[in-house]
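Below: the structure, in structure tokens.
The values are calculated or read from the model by the stated rules, or taken from the named source; none is laboratory data. No experiment lies behind these values; they were computed from the predicted model shown. Reconstructed Cβ throughout: ideal geometry from the backbone, glycine too, with neighbour counts over all protein chains shown. These area figures cover heavy atoms from the full protein model, side chains too; ligands, DNA and RNA do not enter into them. Shrake-Rupley method; radii C 1.70, N 1.55, O 1.52, S 1.80 Å.
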Amino acid sequence: MSANKLFRLVINQSTIVVFVLMLVAAGFLSDRFFSPDNITNILRQSVPLGIVSLGLLYVILTGGIDLSVGSVMALVSVVVALTIPGFGVAGAVAISLVVGVACGLVSGSLVANFGIAPFIATLATMTITRGLSLIVSKGQPIFIDDQAFMDFGGASVFGVPALFFLLIVVTIAALFLNRKTVFGRLVVAIGSNETATRFSGINITTIKLAVYAISGFTCAIAGVVSATRTGVGSPILAIGFELDAIAAVVVGGASLAGGRGTVVNTLIGALILSMISNLMNLMDIPGYHQQVVKGVIIVFAVLLESAKRRATTHH
């Protein structure tokens, strides 16, 4: 195999290469990293980020962005905490999912129907939903007193957190949507060339509405998951989470310009970010330093992505 071919293979599979290198480095940097307890911990921590990133991937594939993901998670965690006493767990979860989708549809409508730039539209939704979660909860965390709901957050099946299986289910659904449906192909087509897609008679408005609704739906799942893990509906949950989710999608090799990105790589991107956070905690690196490291990783991922694009256009 020539050096050139090897280089292209590494560039094309960069997400997996980075993941493997991270695992090797982690083993050297901390002897506790591969302990069963810690692996379980990483899997459990990666669930909200993984689920939100998979929904966000669809938005980014159309060339959009969703900054409201963390705020929607917070609102949903508050809603689920407030509605469990009156509607039971199933009712509360159903209401929460509807709230998440509604938030997504508001963002999608601003983008698709009113032509507002995704960055501005979702910035507005982010501010509104965060405000709503603070109003509804009166700025206080709301404690959940339902053992069955709480048990799911801590449950394990064959030593694997039950929540991680939820992430697997969402991943399979996202994969199916991406690879096996016309909708999945149209999402990529819009991101690749919106004008051509519009001229071929595709209803772009509907598809844009749908991707933001999907993002809202995954945020709702993640908000419920966070509530089961902590037992609290918190209006200040997931502040800055949108950056982690965008980072996971970008580290997974998706292009912020739209049209490029895969479900599996996005999941790996979320796992990479969860591993980095976990490793820095094990090494007692303060939270402020962790933000710097995450920022550097985003820059590195974007540079890798542009190198990948150049490599594919030259050949």
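Below are the figures for this structure:
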item	result
Filtered residues of the stretch 59-82 (kept if hydrophobic (A, V, I, L, M, F, W, C), under 15 Å from the mean Cα position of the chain (by Cα) and open to solvent by less than 10 Å² (accessible area, probe 1.4 Å))	Val59, Ile60, Leu61, Val69, Val72, Met73, Ala74
First in the stretch 124-141 and closer than 17 Å to Asp66 by Cβ, second anywhere and open to solvent by less than 40 Å² (accessible area, probe 1.4 Å) and assigned to a loop (DSSP other than H, G, I, E, B), Cβ under 6 Å, 6 or more apart	Thr125/Ser68; Met126/Leu67; Met126/Ser68; Thr129/Ser68; Ser133/Pro235
Flag for Leu97 being open to solvent by less than 30 Å² (accessible area, probe 1.4 Å), under 19 Å from the mean Cα position of the chain (by Cα) and over 21 Å from Thr205 (Cβ atoms)	no
Considering residues of the stretch 186-244 that are acidic (Asp, Glu) and open to solvent by less than 50 Å² (accessible area, probe 1.4 Å) only, the residue nearest to Leu132 (Cα to Cα)	Glu242
Counted residues, the stretch 276-293 - those being touching a residue at least 24 places away in the same chain (Cβ under 8 Å) and out of contact with any Ser or Thr (no Cβ under 8 Å at 6 or more places or on another chain)	3
Pair list, Cβ under 7 Å, 6 or more apart: the stretch 237-253 residue in contact (Cβ under 8 Å) with a residue 40 or more places away in the chain and outside any loop (DSSP other than H, G, I, E, B), other residue among the charged types (D, E, K, R) and open to solvent by 20 Å² or more (accessible area, probe 1.4 Å)	Ala247/Lys294
Any chance Ile39 is of a type outside the set (Ser, Thr, Tyr) and in contact (Cβ under 8 Å) with a residue 40 or more places away in the chain	no
Residue in the stretch 117-153 that is most open to solvent (accessible area, probe 1.4 Å), counting only those that are over 22 Å from the mean Cα position of the chain (by Cα) and among the aliphatic types (A, V, I, L, M)	Ile135
For Gly55: the one exception among (1) farther than 18 Å from Val111 by Cβ; (2) in contact with a Phe, Trp or Tyr (Cβ under 7 Å, 6 or more places away or on another chain)	(1)
Check on Ser156, in contact (Cβ under 8 Å) with a residue 60 or more places away in the chain, surrounded by 12 or more Cβ atoms within 10 Å (Cβ to Cβ) and within 20 Å of Glu242 (Cα to Cα)	no
Meets criteria (over 19 Å from Ile51 (Cα atoms), modelled with pLDDT of 85 or more and surrounded by 15 or more Cβ atoms within 10 Å (Cβ to Cβ)) for Leu279	yes
